[in-house]
Amino acid sequence: MDENKLLELAKKEGTPLFIIDHNTIRENYQRFKKHLPKVQAYYAIKANSNQEIIKTLFNRGASFDVASFNEFMQVYNLIEKWKDKKKDFFIWDKIIFSNTIKDKQTLQKIKKYEPLVTYDNLDELIKIKENCDKAGLVLRLKVPDTGSQVEMGSKFGAEPSEALELINKAFDRKLNVEGLSFHVGSQCTNFDNYVSALNIISEIFNEARKKGYNLDMLDIGGGFPVPYDSNTPKFEKLTEIINSECKRLFPEDIKIIAEPGRFLVATAGHLITEIIGKAKREGKIFYHINDGVYHTFSGVVFDHWIPNFHSFKKGENEICAVVGQTCDSFDKISLAEELPNLGIGDYLYTKNIGAYSIASSTKFNGFEGAKILHVNN
């Protein structure tokens, strides 16, 4: 979206204004399908749970990765008027609970839907048996995630050495393990992580089949890189690796799924903010804007995201700070931006902020957060 259009929308709608471009979401989904044609995309709703985004991807044929009953219901609400048989098949085939730890109440509520769920330890297996014994299971394994923006292995995934025992214990309890999953970490730019993960998983997968366990699903997780800057390795290069390794390592009859979140929505989000204050502090200009790290810039804290700011006005740039509107001194978005000399009432815009931004926004200090505007939906 060009600067003139962004400025026009800011003046018309007010700020802070969070713009979601659904054409970009559709383009990102098609790009994923084009380069990973044998992989079904299960959108990770946690990246941006806005219902209009879910509708757009639903209409494109996407599946969904949910982590809670509320996220499940966001998808279920789109199919609740279908006939039961069609509805039940969709839930089984198009939704995965990828949160490896689920409370008893959630398991009890989803039991009637016979969902696909993940697990990574024996206690979770016992809990699933007691509270949701009709579920299909996917065992999540720990794999290398070095170099990813957000690492996963410290909190999720069974050790590969435990895998066959955990599969065996599931079947002993009359539970059915459908397949194996992994996650190399969010915004993975170290493609060796995928190579290592696929090799680790394939050994377990093939050994399990030899033992008579009819696994037929591979979940390669997320982590697909978004071009936040020119140094980000190309998604197309990664897909060549994934396609080649999957063909080499796994039987042809398996279903392969993935859980892209950031990849589908990050570049679809634009944020326009307004400078509400300007001060010189220790020789540096501080621009106070009407958004911050407790709101749309929450990804700076929770996602290790590096913010970007652009001015509609031109001029010689100088090093400055951009900080949020709350009374908390922690609310500093960036202390090293390069912007021209600006004044109160001027606008800034931020690109590629569609993922892990409004999803983790709060109402801290009484501020409501950005207005959400959908375009091309």
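The values are calculated or read from the model by the stated rules, or taken from the named source; none is laboratory data. Bear in mind that the values here come from a model prediction, so they are computed numbers and not experimental data. A quick note on method: Cβ atoms are made from the backbone with ideal geometry, for glycine too, and the neighbour counts reach across all protein chains shown.
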| So which residues in the range 1-36 are surrounded by 14 or more Cβ atoms within 10 Å (Cβ to Cβ) and without any contact (Cβ under 8 Å) to a residue 60 or more places away in the chain, if there are any at all? | ARG26, GLU27, LYS33
| note | Those residues of the range 255-290 that are within 24 Å of the chain's Cα centre (by Cα) and either among the hydrophobic types (A, V, I, L, M, F, W, C) or in a helix (DSSP H, G or I) (or both) come to a total of 12
| field | Hey, ASN352 surrounded by 19 or more Cβ atoms within 10 Å (Cβ to Cβ) and assigned to a loop (DSSP other than H, G, I, E, B) or not | value | yes
| remark: Across the range 210-268, the tally of residues that are closer than 24 Å to LEU137 by Cα and free of Cβ contacts under 8 Å to residues at least 12 places away in the same chain stands at 5
| field | Answer residue from the range 210-254, given it is surrounded by 12 or more Cβ atoms within 10 Å (Cβ to Cβ) and small (Gly, Ala, Ser) and is farthest from HIS183 (Cα to Cα) among those | value | SER244
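Test LYS5 against the criterion of being over 17 Å from ILE220 (Cβ atoms) and among the basic types (Lys, Arg), and give yes or no.
Values: over 17 Å from ILE220 (Cβ atoms): yes; among the basic types (Lys, Arg): yes.
Yes: the conditions hold for LYS5.
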| Can we say THR146 is of a type in the set (Val, Ile, Thr), in a loop (DSSP other than H, G, I, E, B), in the same structural domain as SER63 (by TED's automatic domain parsing) and under 29 Å from PHE224 (Cβ atoms)? | yes
| said: Going residue by residue through the range 18-29, is there one that turns out to be farther than 30 Å from TYR349 by Cβ and not β-branched (Val, Ile, Thr)? | reply: no
| field | Options PHE191, PHE182; residue that is touching a helix residue (DSSP H, G or I) at 6+ places or on another chain (Cβ under 8 Å) and under 19 Å from VAL226 (Cα atoms) | value | PHE191
| query | Among (1) in contact with a helix residue (DSSP H, G or I) (Cβ under 9 Å, 6 or more places away or on another chain); (2) closer than 23 Å to SER161 by Cβ; (3) surrounded by 14 or more Cβ atoms within 10 Å (Cβ to Cβ), which single condition is ASN199 missing? | reply | (3)
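Residues that are within 28 Å of PHE156 (Cα to Cα), at least 2 per element: which strands (runs of 3 or more DSSP E) completely within the range 1-105 meet that? Explain how you work it out, then say what you get.
Values: elements: 17-21, 39-44, 63-66, 95-97.
The strands (runs of 3 or more DSSP E) meeting that bar are 39-44, 63-66, 95-97.
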| request: Can you tell me which residue within the range 103-113, out of those that are more than 17 Å from VAL177 (Cα to Cα) and either of a type in the set (Lys, Arg) or touching a Ser or Thr at 6+ places or on another chain (Cβ under 6 Å) (or both), is modelled with the lowest pLDDT? | output: LYS112
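Got a number for residues in the range 122-138 being surrounded by fewer than 16 Cβ atoms within 10 Å (Cβ to Cβ) and not in a helix (DSSP H, G or I)? Outline the logic, then answer.
The first filter runs over the range 122-138 and keeps only residues surrounded by fewer than 16 Cβ atoms within 10 Å (Cβ to Cβ), leaving 122-123, 126, 130, 133-134.
Narrowing the set further to residues that are not in a helix (DSSP H, G or I) leaves 133-134.
The number of residues fulfilling the criteria is 2.
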| message | Against the condition at pLDDT 95 or above, in contact with a Lys or Arg (Cβ under 8 Å, 6 or more places away or on another chain), surrounded by fewer than 13 Cβ atoms within 10 Å (Cβ to Cβ) and not in a loop (DSSP other than H, G, I, E, B), how does ILE319 come out, does it pass? | response | yes
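Consider the range 356-377. How many of its residues are assigned to a loop (DSSP other than H, G, I, E, B) and touching a Ser or Thr at 6+ places or on another chain (Cβ under 9 Å)? Spell out how you get there, then give the answer.
Quick first cut of the range 356-377, residues assigned to a loop (DSSP other than H, G, I, E, B) only: 356-357, 361-363, 367-370, 376-377.
From what is left, the residues that are touching a Ser or Thr at 6+ places or on another chain (Cβ under 9 Å) are 356-357, 361-362, 367, 369-370, 376-377.
Qualifying residue count, the range 356-377: 9.
Regarding GLU124, is this residue at positive phi, more than 23 Å from the chain's Cα centre (by Cα) and charged (D, E, K, R)? Break it down into steps so the answer makes sense when it comes.
Values: at positive phi: no; more than 23 Å from the chain's Cα centre (by Cα): yes; charged (D, E, K, R): yes.
Considered against the rule, which asks whether it is at positive phi, more than 23 Å from the chain's Cα centre (by Cα) and charged (D, E, K, R), GLU124 comes out as no.
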| request: Find the residue count for the range 213-254, including only residues that are in a loop (DSSP other than H, G, I, E, B) and of a type outside the set (A, V, I, L, M). | output: 20
